[in-house]
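Everything below concerns the one structure shown next.
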Amino acid sequence: MTGTKPADVDVAVVGAGFAGLYLIHKLRGLGFDVRCYDQADDVGGTWYWNRYPGARCDIPTTDYTFSFDEELEQAWTWSEKYATQPEILDYLRFVADRFDLRRDIEFGTRVDQAVWDDAARVWRLRTSAGEELTCRFYVMATGCLSLPKRPDIEGVDRFAGEVYFTGKWPHEPVDFTGKRVAVIGTGSSAIQAIPHIAEQAESLTVFQRTPAYSIPARNGPASSERLAQIAKDRAAYRDAARWSPGGIPGEYEENYALLMTPEQQRERFEKRYAEGELFAILGVFNDQSARLPANDIVSELIREKIRERVSDPKVAEALCPKDYPFGTKRPCLDTNYYETYNLPHVRLVDVRETPIVTVTETGIDTSAESLNFDAIVYATGFDAMTGPLVSVDITGRDDVTLKQKWADGPSTYLGLTTTGFPNFFTITGPGSPSVLSNMAVSIEQHVEWVADCLTWLRDEGYRTIEPTQSAEAGWNQHVADYAALTLTDLANSWYVGANVPGKPRLLYPYVGGVEAYRAACDEVTGRRYLGFALAGPTGSECNDGVVRRVQPDVAIVLNLFEALGVPGVETLPVPDARAFMTAMAATRMPGPEVGEIVDGELPGADGPLPYRLYRPATPGPHPVIAYFHGGGWVLGDLDSDDPLCRDLCDRIGAVVVSVNYRHAPEARFPAAADDAFAAVEWIAAHAAELGGIPGQLVVAGWSAGGNLATVAAQRARDAGGPPIAGQLLICPVTDSDLSRSSYEENGVGYILTTATMRWFWDHYADPADRTSPVCAPLRGELGGLPPAVIMTADFDPLRDEGIAYAEALAAAGVPVQHVRARGQVHTSVTMVDVVLSGAAVRAELADCVRGWLTA
Ligand SMILES: Cc1cc2nc3c(=O)[nH]c(=O)nc-3n(C[C@H](O)[C@H](O)[C@H](O)COP(=O)(O)OP(=O)(O)OC[C@H]3O[C@@H](n4cnc5c(N)ncnc54)[C@H](O)[C@@H]3O)c2cc1C
């Protein structure tokens with residue numbers, strides 16, 4: 001910004017709901033002049049439009065409120081746990097009056113068009129009033145749920161009676177007394193409205209396509225516990241909300257359904273159900289949003305409750321959602337919703353059984369009957385998240401419209417900005433937590449981020465800001481990686497755009513939570529707007545980069561390790577390090593079921609070695625995998641890699657023989673390598689007895705075990721046998737040279753550290769031995785080795801030696817498949833039921849291995 005004023009205003013804001021109001025106040029306070037438009041005739045946004053009977057928030061109002069001003073908070077008291085629409089609208093009017101916001105808002109005015117003028121570096125807006133306005137910065141505060149979706153039902157315009165849309169309810173009172181009313185839809189709005197409409201109507205017929213999961217809201221006075229917390233230390237409470245997963249403070253508890261008894265599961269469920277809060281029921285178990293068997297438990301418990309609430313078993317069954325997991329569509333809170341179906345004048349029509357054929361002049365025809373109504377209420381939802389944004393004709397650089405750019409789905413950086421559209425911001429845009437969070441908290445965070453950004457640009461003398469393509473692609477990938485950890489793809493919900501025909505299917509909001517999201521935004525800001533190109537009259541700057549590259553579930557594990565202060569194993573005496581590993585292994589999930597697990601002994605190079613055999617559930621014989629565990633030749637045993645061995649057995653359909661070789665420092669180099677080769681020889685010779693197919697032997701290992709596996713393959717080649725069909729090398733140690741750059745880049749903070757690797761080497765081998773190919777297989781002769789699949793992880797100190805090995809094998813003519821595990825760490829694929837993103841990597845490895853083996 002230069003001081004001269006090239007635009008009519010600094011900032012144009014579209015929307016005067018929670019977001020627009022706070023934007024005006026905040027930006028005005030920072031010295032920016034702002035013009036706001038709303039097509040509504042007053043402030044309120046959602047709470048202006050959604051006036052249907054029973055409309056309320058379903059985040060407790062103690063939390064669904066502005067927190068930026070303590071005096072404002074003290075000046076307003078909410079009357080209930082979940083306030084009604086009129087009360088929330090009153091509150092937003094009160095806010096507008098208190099801060100004199102209306103003077104900057106043009107009501108009854110739609111913004112129809114916005115065009116970026118690259119030469120003047122301004123946005124040119126055109127409104128429904130024919131006004132043209134130029135602004136330097138253009139902010140869409142148009143909400144996620146402000147574009148009602150037109151019902152896609154034949155004959156909608158034909159009906160001669162009264163027609164209502166929940167998302168555009170009249171301002172005048174609506175009286176259904178004595179009327180025959182139809183409600184189409186059973187989402188959140190319908191669930192709130194139906195009990196109220198039933199109170200008045202002579203008859204009520206509800207047309208349901210997909211039943212919702214709803215639990216009692218238990219509305220009433222606000223939670224005294226919460227009020228006390230706020231009264232005690234308001235600032236701390238609000239801060240805890242900002243740094244919480246959903247935008248409401250709460251205790252984090254470890255509760256994995258799959259590790260609980262049925263009694264424990266029920267007890268935990270009943271406690272959470274009784275709270276009558278969305279985040280409570282969405283967080284009964286930590287694994288319910290990611291693991292289908294865990295989700296099934298909570299889904300069935302909710303169905304049980306629905307059955308208890310509805311007297312007619314047939315109606316109850318129709319109201320029970322069965323074909324999508326709980327939480328993958330927006331769950332609902334209700335007051336007497338299910339009980340309403342026990343009333344004699346209320347009827348449910350399941351349109352999956354008897355579809356609506358058409359709306360007629362007098363009512364609705366289904367495939368089974370013609371029904372007459374006096375009024376039809378459409379509760380058919382919204383074109384959520386992107387609808388309000390692309391419904392404005394927004395043209396960025398190079399004449400590309402937002403609609404064109406997002407034709408295959410939204411692409412944003414942080415859900416706030418998008419490449420090709422300089423100085424353009426979206427509040428709670430796609431790719432931000434938005435509808436999955438307490439939106440009051442998310443809106444405040446976005447408004448403050450934008451305000452900080454504009455202030456910073458002004459201070460630094462920059463006039464334009466625009467995300468880079470790589471930063472945006474990286475963020476989209478991160479959003480998608482998070483989505484892939486959930487079950488959301490299993491439902492046809494508006495979260496994934498499935499309610500709007502032709503809308504690209506992907507998870508629109510960011511599922512990583514408010515806290516993780518805020519941390520990412522703060523990091524971007526703290527790194528001089530990482531991933532943004534900035535330009536002004538005196539220069540430009542671009543600190544390109546991707547803000548989140550580690551897989552989200554890996555990041556959670558890393559954070560947990562950091563929070564727990566997990567010691568580096570190199571700081572411990574060897575027995576303590578081993579005890580620590582054993583303790584860690586004891587608390588994890590077991591991994592998949594396999595057909596059979598048998599422990600035994602086989603002859604090693606210097607005495608018997610324990611082994612554990614995993615047999616697939618399918619009829620044998622099977623190929624055989626000789627597996628060597630990780631642990632730097634010092635740690636690990638038959639238990640340490642147990643979940644991975646189960647997983648390999650299950651996925652590949654192979655007998656896995658996991659061998660516990662001798663460890664250093666008690667038995668230093670070459671004891672482990674000698675044992676590994678002896679074990680491979682024995683397993684090959686006894687393949688048939690073990691239930692294997694002779695000649696179909698793969699050597700495999702993770703980390704130091706990968707080292708032993710490939711060393712055994714080299715020895716087998718040199719010894720003329722046994723024949724080996726392939727080598728599965730997972731993050732293998734291939735060299736003793738610790739100067740490769742991955743040791744520098746990934747040396748600290750990714751579980752396996754460079755210091756730990758040094759400690760392992762020091763325990764395992766004398767420096768003089770470390771150049772031997774038996775220690776460092778990369779230095780050996782590689783020609784003539786069996787085919788290999790090598791997995792390397794992005795954030796592993798061993799990454800580069802794995803890459804070097806893959807390249808060297810290929811150069812020596814060995815068929816190699818190199819699986820680069822994006823965003824993973826050294827331990828990722830071994831953490832079978834913890835790092836769920838590792839499953840895709842294991843699937844790829846298993847595919848490669850199966851490719852070597854013939855039936
Ligand atoms: C029935 C209902 C209940 C909800 N309950 C909760 C809850 O309990 N907790 C929660 O966190 N969230 C809830 N939400 C989500 C709610 O939308 C947000 O909490 C919040 O109100 C959004 O505020 P906003 O300012 O971002 O957008 P909105 O309140 O949607 O305001 C956007 C405004 O932009 C205007 N607008 C849009 N396009 C244009 C244009 N082109 N030109 C001019 N004006 C335009 C609209 O008229 C609208 O007034 C609910 C949503 C609905 C529909």
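The values are calculated or read from the model by the stated rules, or taken from the named source; none is laboratory data. Because the structure is predicted, anything quoted here is derived from the model rather than measured. Cβ placement follows ideal geometry from the backbone for every residue including glycine, while neighbour counts extend to all protein chains displayed. What goes into the accessible areas is simple: the full protein's heavy atoms, side chains included, and nothing from ligands, DNA or RNA. Shrake-Rupley method; radii C 1.70, N 1.55, O 1.52, S 1.80 Å.
Take Glu807 and tell me if it is part of a helix (DSSP H, G or I), of a type in the set (Asp, Glu) and within 28 Å of Asp674 (Cα to Cα). Criteria met by Glu807.
For region 800-819, filtering for residues that are in contact with a strand residue (DSSP E or B) (Cβ under 6 Å, 6 or more places away or on another chain) and either at pLDDT below 95 or open to solvent by 40 Å² or more (accessible area, probe 1.4 Å) (or both) leaves 4. Inspection of region 683-699 identifies no residue that is within 18 Å of Thr582 (Cα to Cα) and at pLDDT 95 or above. Picking from residues in region 454-498 that are crowded, with 20+ Cβ neighbours inside 10 Å, over 25 Å from the mean Cα position of the chain (by Cα) and hydrophobic (A, V, I, L, M, F, W, C), the one that is nearest to the ligand (Cβ to nearest atom) is Leu454. Please work out which one of (1) surrounded by fewer than 17 Cβ atoms within 10 Å (Cβ to Cβ); (2) closer than 30 Å to Arg158 by Cβ; (3) within 16 Å of the ligand (Cβ to nearest atom) is the condition Phe382 fails and give its number. Going through (1) surrounded by fewer than 17 Cβ atoms within 10 Å (Cβ to Cβ); (2) closer than 30 Å to Arg158 by Cβ; (3) within 16 Å of the ligand (Cβ to nearest atom) one by one, Phe382 breaks only (1). Those strands (runs of 3 or more DSSP E) of region 142-258 in which 3 or more residues are more than 16 Å from the ligand (Cβ to nearest atom) occupy 180-184, 203-208.
Scanning region 767-774 for residues that are within 42 Å of the chain's Cα centre (by Cα) and surrounded by fewer than 17 Cβ atoms within 10 Å (Cβ to Cβ) turns up nothing. Of all residues in region 359-377, those that are surrounded by 15 or more Cβ atoms within 10 Å (Cβ to Cβ) and in a strand (DSSP E or B) total 9.
Whenever a residue of region 746-772 is over 26 Å from Leu558 (Cα atoms), its partners that are among the charged types (D, E, K, R) and open to solvent by less than 30 Å² (accessible area, probe 1.4 Å), lying with C-beta atoms within less than 9 angstrom and at least six residues away or across chains, give the pairs Arg770/Asp735.
Only one entry of Tyr52, Tyr64, Tyr82, Tyr138 meets the criterion of being within 9 Å of the ligand (Cβ to nearest atom), buried (at least 19 other Cβ atoms within 10 Å of the Cβ), farther than 16 Å from Met439 by Cα and modelled with pLDDT of 95 or more, and that entry is Tyr52. Of all residues in region 57-97, those satisfying the criterion of being more than 23 Å from Thr335 (Cβ to Cβ) and among the acidic types (Asp, Glu) are Asp69, Glu70, Glu71, Glu73, Asp97. Considering (1) without any contact (Cβ under 8 Å) to a residue 24 or more places away in the chain; (2) under 36 Å from the mean Cα position of the chain (by Cα), the lone condition that Gly720 does not fulfil carries the number (2).
Being on the phi < 0 side of the Ramachandran plot, out of contact with any His (no Cβ under 6 Å at 6 or more places or on another chain) and at pLDDT below 95 is a property that holds for Glu225.
Out of Ala280, Ala222, Ala241, Ala217, one residue alone is open to solvent by less than 60 Å² (accessible area, probe 1.4 Å) and in contact with a strand residue (DSSP E or B) (Cβ under 8 Å, 6 or more places away or on another chain). It is Ala217. Only residues that are within 15 Å of the ligand (Cβ to nearest atom) and either free of Cβ contacts under 8 Å to residues at least 12 places away in the same chain or under 19 Å from Ser223 (Cβ atoms) (or both) were counted in region 87-101, giving 4. Given the criteria within 14 Å of the ligand (Cβ to nearest atom), in contact (Cβ under 8 Å) with a residue 60 or more places away in the chain and either β-branched (Val, Ile, Thr) or open to solvent by 50 Å² or more (accessible area, probe 1.4 Å) (or both), does Asp112 qualify? In short, yes. Residue pairs whose Cβ atoms lie under 8 Å apart, sitting 6 or more positions apart in sequence or on different chains, and linking a residue in region 123-149 that is free of Cβ contacts under 8 Å to residues at least 40 places away in the same chain and farther than 21 Å from Thr417 by Cβ to a partner that is surrounded by fewer than 24 Cβ atoms within 10 Å (Cβ to Cβ) and hydroxyl-bearing (Ser, Thr, Tyr), are Ala129/Thr109; Glu131/Thr109.
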